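Here the structure comes first, spelled out in structure tokens, and everything after it is commentary.
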Amino acid sequence: MTSVKTALVIGAGIAGPVTALALRKAGIEATVYEAYPAAATGLGGAFMVAPNGLAALRIVGVDAAVRDIGQPIARMLIGDGNGRRFGEFANLPGLPNLVMWRAELCRVVHDAAVAAGIGVEYGKRLVGVREGRTGITAEFADGSTATADVLVGADGIRSAVRTLIDPEAVGPQYVGLLGFGGFGGPGEPSPAEPEAMHFAFGKRAFFGYWTLHDGRTGWFSNLPHEKPVPIAEARRVPNGDWLRQLRSAHADDRPAREVLRHADPAELIVVGSLEILPKVRHWHRGRMVLVGDAAHAPSSSSGQGASLSIESAVQVARCLRDLSDPAAAFPAYERLRRDRVEKIAANAAKNNRQKAFGPLGSAVMSLAMPLATRTFLKPEKMLGPVHNYRIDWAETVTAG
């Protein structure tokens with residue numbers, strides 16, 4: 001039996017509620033504290049939950065609800081803005097990806113946590129901690145405090161917990177792209193093939209699209225931009241202005257220009273600057289530990305950001321369940337996770353750089369991808385170690 005009985009989870013995005021659910025399964029009572037005054041709604045664009053992420057969600061009983069909101073993607077088709085296809089990746093048999101909107105996944109995991117009786121408190125911005133021999137106290141900006149055995153930082157890429165663990169910790173790094181998403185017009189036939197995600201290296205921007213349940217087109221665009229535009233600043237720009245920029249960037253791209261022609265500015269999803277988190281030196285200190293984007297935020301090109309966060313949430317709960325002291329549990333958790341997430345992040349960074357190259361990236365991909373997919377870029381080699389990864393909840397974690 002673990003000596004850790006209670007936990008404070010900072011952050012109510014995706015990793016936070018999943019961490020609390022996993023801790024509950026491990027016999028540890030957790031309360032989630034969120035800096036913002038309400039749940040995240042309408043925030044974030046589209047992303048994938050991969051088979052390994054769905055398997056981790058099954059451990060905490062949320063996989064069925066996530067399947068309900070996800071669009072199965074069986075293969076990924078890669079091409080250019082002229083509609084020419086130069087690469088295809090089929091998923092491993094029986095292991096589809098699910099594409100969904102971040103806001104929907106946040107809602108599902110939040111509702112699951114609340115249904116399980118886990119407390120979620122909003123308007124609790126962490127500003128400091130007091131750590132003692134037997135517990136840790138969180139101090140919030142409103143003057144309130146909360147005490148538990150451990151504190152888990154699931155507070156995203158701009159984690160306050162990360163800087164409390166290490167005041168010199170790295171922060172997010174802009175990748176040279178702005179993110180947008182949206183929907184094709186009602187009644188317009190989708191150009192996407194069934195259960196396929198299309199990726200197109202356009203002349204001036206990167207475009208992805210797929211067919212939604214209602215027959216419309218879901219899409220996203222990564223627009224090269226020299227300077228970062230924080231989300232608050234990006235949302236002050238009228239949606240119609242952003243849509244005009246996107247239509248201009250994709251004016252020579254098919255089918256992006258047709259999809260965007262029918263897009264409704266009122267439905268535009270503005271993500272703002274796309275960022276990654278460079279290697280974090282310290283994942284834990286004393287009774288504090290990081291999970292999710294607070295510890296590892298790979299490029300969106302990985303297709304693994306959410307899934308890796310979910311895996312880490314489950315793994316930290318296993319380690320606290322089986323090792324009697326955070327001084328043993330947290331190093332074991334880092335040992336289980338660091339190599340995996342850093343390898344995936346490094347591979348994704350290579351792909352992300354080509355998106356920001358515009359015409360050059362498209363030209364490089366059109367030359368390299370056909371040969372690569374015929375030789376060394378095989379699905380079983382590329383996806384197997386990532387998608388086949390499974391956490392054995394029943395296995396006991398050992399130190400060392």
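The values are calculated or read from the model by the stated rules, or taken from the named source; none is laboratory data. Here the structure is a predicted model, which means the values were calculated and not measured. All Cβ positions, even for glycine, are placed from backbone atoms using ideal geometry, and neighbour counts span all protein chains on display.
Being in contact with a Leu (Cβ under 8 Å, 6 or more places away or on another chain), part of a strand (DSSP E or B) and either over 24 Å from Gln173 (Cα atoms) or not assigned by TED's automatic domain parsing to the domain that holds Arg102 (or both) is the requirement here; does Ser221 meet it? Yes: the conditions hold for Ser221. Residues in the stretch 249-276 that are touching a residue at least 12 places away in the same chain (Cβ under 8 Å) and over 25 Å from Gly303 (Cα atoms): Asp252, Glu258, Arg261, His262, Asp264, Pro265, Ala266. Of all residues in the stretch 167-194, those that are over 30 Å from Gly240 (Cα atoms) and surrounded by 14 or more Cβ atoms within 10 Å (Cβ to Cβ) total 1. Only one of the listed residues (Val129, Val152, Val170) is β-branched (Val, Ile, Thr) and not in a strand (DSSP E or B). That residue is Val170. In the stretch 110-126, of all residues being assigned to a loop (DSSP other than H, G, I, E, B) and not hydroxyl-bearing (Ser, Thr, Tyr), the one that is surrounded by the fewest Cβ atoms within 10 Å (Cβ to Cβ) corresponds to Gly117. One residue is enough: does the stretch 337-348 have a residue meeting the conditions more than 16 Å from Gly53 (Cβ to Cβ), at pLDDT 90 or above and either of a type outside the set (Asp, Glu) or not assigned by TED's automatic domain parsing to the domain that holds Ala30 (or both)? Checking the stretch 337-348: at least one residue is more than 16 Å from Gly53 (Cβ to Cβ), at pLDDT 90 or above and either of a type outside the set (Asp, Glu) or not assigned by TED's automatic domain parsing to the domain that holds Ala30 (or both).
Can you tell me which residues in the stretch 305-328 are in contact with a strand residue (DSSP E or B) (Cβ under 8 Å, 6 or more places away or on another chain) and more than 11 Å from Gly292 (Cβ to Cβ)? Leu320, Pro326, listed by residue number. Among the conditions (1) modelled with pLDDT of 95 or more; (2) in a loop (DSSP other than H, G, I, E, B), Lys203 misses just one, which is (1). Taken over the stretch 259-295, the criterion of being modelled with pLDDT under 95, of a type in the set (Asp, Glu) and not in a loop (DSSP other than H, G, I, E, B) is satisfied by Glu267, Glu275.
Here is the figure for the stretch 151-165: residues that are surrounded by fewer than 23 Cβ atoms within 10 Å (Cβ to Cβ) and closer than 16 Å to Glu139 by Cα total 3. Within the stretch 50-64, residues that are without any contact (Cβ under 8 Å) to a residue 40 or more places away in the chain sit with their Cβ atoms under 8 Å from residues that are of a type in the set (A, V, I, L, M, F, W, C), at 6+ positions apart or across chains, in these pairs: Asp63/Leu54; Asp63/Ala55; Asp63/Leu57.
Conditions tested, residue by residue: (1) assigned to a helix (DSSP H, G or I); (2) crowded, with 24+ Cβ neighbours inside 10 Å; (3) in contact (Cβ under 8 Å) with a residue 24 or more places away in the chain; (4) over 11 Å from the mean Cα position of the chain (by Cα).
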{"position": "Ala297", "(1), (2), (3), (4)": "no, yes, yes, no"}
{"position": "Ser307", "(1), (2), (3), (4)": "yes, yes, yes, no"}
{"position": "Ile310", "(1), (2), (3), (4)": "yes, yes, yes, no"}
{"position": "Arg321", "(1), (2), (3), (4)": "yes, no, yes, yes"}
{"position": "Ala329", "(1), (2), (3), (4)": "yes, yes, yes, yes"}
{"position": "Tyr333", "(1), (2), (3), (4)": "yes, yes, yes, yes"}
{"position": "Val341", "(1), (2), (3), (4)": "yes, no, yes, yes"}
{"position": "Ala345", "(1), (2), (3), (4)": "yes, no, yes, yes"}
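Taken together, the criteria place Arg107 among residues that are under 19 Å from the mean Cα position of the chain (by Cα), of a type outside the set (Gly, Ala, Ser) and not in a loop (DSSP other than H, G, I, E, B).
Rundown of residues vs (1) at positive phi; (2) in contact with a Pro (Cβ under 9 Å, 6 or more places away or on another chain); (3) not in a helix (DSSP H, G or I), yes/no style:
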{"position": "Asn52", "(1), (2), (3)": "no, no, no"}
{"position": "Ala64", "(1), (2), (3)": "no, no, no"}
{"position": "Met76", "(1), (2), (3)": "no, no, yes"}
{"position": "Asn82", "(1), (2), (3)": "no, no, yes"}
{"position": "Phe89", "(1), (2), (3)": "no, yes, yes"}
{"position": "Pro93", "(1), (2), (3)": "no, no, yes"}
{"position": "Leu98", "(1), (2), (3)": "no, yes, yes"}
